[in-house]
1. Looking only at the range 181-193, which residues are over 16 Å from C98 (Cα atoms) and either β-branched (V, I, T) or without any contact (Cβ under 8 Å) to a residue 40 or more places away in the chain (or both)?
2. On the given criteria, is V41 surrounded by 20 or more Cβ atoms within 10 Å (Cβ to Cβ) and in a helix (DSSP H, G or I)?
3. Got a sec? Which helices (runs of 4 or more DSSP H) wholly within the range 196-291 have at least 1 residues that are open to solvent by 50 Å² or more (accessible area, probe 1.4 Å) and modelled with pLDDT under 95?
4. From the list R291, R295, exactly one residue is of a type in the set (K, R) and over 15 Å from the mean Cα position of the chain (by Cα). Which is it?
5. Identify, from the list V276, V226, V234, V268, the residue that is farther than 23 Å from R190 by Cβ, in contact (Cβ under 8 Å) with a residue 12 or more places away in the chain and out of contact with any Cys (no Cβ under 8 Å at 6 or more places or on another chain).
6. Would it be correct to say that E381 is part of a helix (DSSP H, G or I), at pLDDT 90 or above and acidic (D, E)?
7. Here are A299, A313, A342: which of them is touching an Asp or Glu at 6+ places or on another chain (Cβ under 7 Å) and open to solvent by 10 Å² or more (accessible area, probe 1.4 Å)?
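The values are calculated or read from the model by the stated rules, or taken from the named source; none is laboratory data. A quick note: this is a predicted structure, and the numbers were derived from the prediction, not measured. For neighbour counting, all protein chains shown are included, and Cβ atoms are generated from backbone atoms with ideal geometry for every residue, glycine included. Protein only, heavy atoms only, side chains kept; ligands, DNA and RNA dropped before computing areas. Shrake-Rupley method; radii C 1.70, N 1.55, O 1.52, S 1.80 Å.
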Amino acid sequence: MNQHHESTGPVDEQQQITLRGPAELADALPYLMGFHPNDSVVMVALHGGRGRFGGRLRIGIPPEPGEWPSVAEQLAECLIKGSERRGQRPDAIVVFLCQDPAESENGNQVMERLRPLAQRLRTACGALDVPVLEALCISDGRYWSYCCPDARCCPAEGNQMAMPGTSVMAAAAAYAGIQVRGTLREMEARLAPLTTSAAAEQQRALDSAGVEMIPRLLDAVGREDVSRETLALVRRLMKRLAEAPVATPSAADVEDDRLIGHDEAAAVILGLQDRVTRDRAAEWMEGPEARSALRLWRALARRCVTPYEEHAAAPLTLAGWVSWSTGDEPAARVALGLALRADPHYTFAQLLHEACNQGLDPETLRRCLRGEREARAAERERTAEQATRPGAGRGTPHRRVRPAAVRRRRPPRGPACPDTTPSRRRSRRTSPLRRVGGDGR
């Protein structure tokens, strides 16, 4: 089960849309989430007598029914307590269960199979004194209500979903510039590892790069060299992507994959396993460079082929961060959810996922990262100025320098490198990621 749920903060109170009945609620779901959720439990908080939409939460449907009672309790508590922390306890909740039929199964059978989960969610919310106003199952282009007993409006065979783009919610979303990105499955597919014949070539490139780079990453001096080389290569690849002709959305990923060599991808993927390098890469988060960075992180996530799937946590987290930083919260949640699926203990992804879900402003982290970049630039300027002063290098006492083998090394800037031993002692210097609530792994 994916333990990392997704939620969003309250919608803009100035956008008032009246939804009447299960049909309009079912049609509104993709606009609330930014995509069509597949295989998902979605819970939406309602506030006030008119049922204003508030926080919303999504999690993959647990495949084992034995998990449903505990999951239902966790989801109810998470949504209700999270809303309370934001200052608004829900007055009611709407539940959606979305799942396509399996082979030899129809939508009605899906609805009946998921009925115990719907009941568990209703009971869990009721135990916290928040009623479930409506619980809908959406499957095979139809919807069913678990709450309405009236067969005249909610027949046993379900109701057909409205044609896309014909509802009041679709009109309001179009007016507000809200886009539905397709299905969750389609969004995840853009970040999934390659399965074509190129996957074998990419694996060989990763194997070869690992033999050369891993010993250097485990050495203090070598790690700094690898970091410089990785960031320089990232800059070159971003420039290459930015200068390429703009492709249609359907061909964009294929074109990006073509522009990045297997050896280049392997070098950056392994270089990003160093946390300091990854933190520096996170600074490409805004302005014109953010678009190229996002394309690169997505392409690198696709290059984390078997058996390197866990290495995708770094590029996926960077993709999620850039998406969140540039205002694309649905894409950010998808990327961060996949990062946690690749490595459930990846702290950087955990922190960003939680911050995005709680509706925090990414400017807090952007400000920290800008400060780090400016501090490094100022240090380089001071060093260059000292080197050009008259008499530089003459008449100054030489410090006693220990041999490299016994020289004591200062703690690295930012989180410790690389991601191999969680119990390793943390640096005393606080990275920008840790300053917003964690160690930034």
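1. A189
2. On the way: surrounded by 20 or more Cβ atoms within 10 Å (Cβ to Cβ): yes; in a helix (DSSP H, G or I): no.
For V41, the condition - surrounded by 20 or more Cβ atoms within 10 Å (Cβ to Cβ) and in a helix (DSSP H, G or I) - is not met.
3. Numbers: elements: 198-217, 220-243, 249-259, 262-271, 275-281.
Counting at least 1 such residues, we get 198-217, 220-243, 249-259.
4. Values: R295 fails: over 15 Å from the mean Cα position of the chain (by Cα).
One residue alone meets the criteria, R291.
5. Working: V276 fails: out of contact with any Cys (no Cβ under 8 Å at 6 or more places or on another chain); V234 fails: farther than 23 Å from R190 by Cβ; V268 fails: farther than 23 Å from R190 by Cβ.
The conditions single out V226.
6. On the way: part of a helix (DSSP H, G or I): yes; at pLDDT 90 or above: no; acidic (D, E): yes.
No; evaluated as a whole, the condition is false for this residue.
7. Working: A299 fails: open to solvent by 10 Å² or more (accessible area, probe 1.4 Å); A313 fails: open to solvent by 10 Å² or more (accessible area, probe 1.4 Å).
Sole residue among the options that is touching an Asp or Glu at 6+ places or on another chain (Cβ under 7 Å) and open to solvent by 10 Å² or more (accessible area, probe 1.4 Å): A342.
Residue by residue, here is whether (1) modelled with pLDDT under 95; (2) among the hydroxyl-bearing types (S, T, Y); (3) buried (at least 17 other Cβ atoms within 10 Å of the Cβ); (4) over 29 Å from the mean Cα position of the chain (by Cα) holds:
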| position | (1), (2), (3), (4) |
| --- | --- |
| A102 | yes, no, no, no |
| R113 | no, no, yes, yes |
| Q119 | no, no, no, yes |
| R122 | no, no, yes, no |
| D129 | no, no, no, yes |
| A135 | no, no, yes, no |
| C148 | yes, no, no, yes |
| A156 | yes, no, no, yes |
| G165 | yes, no, no, no |
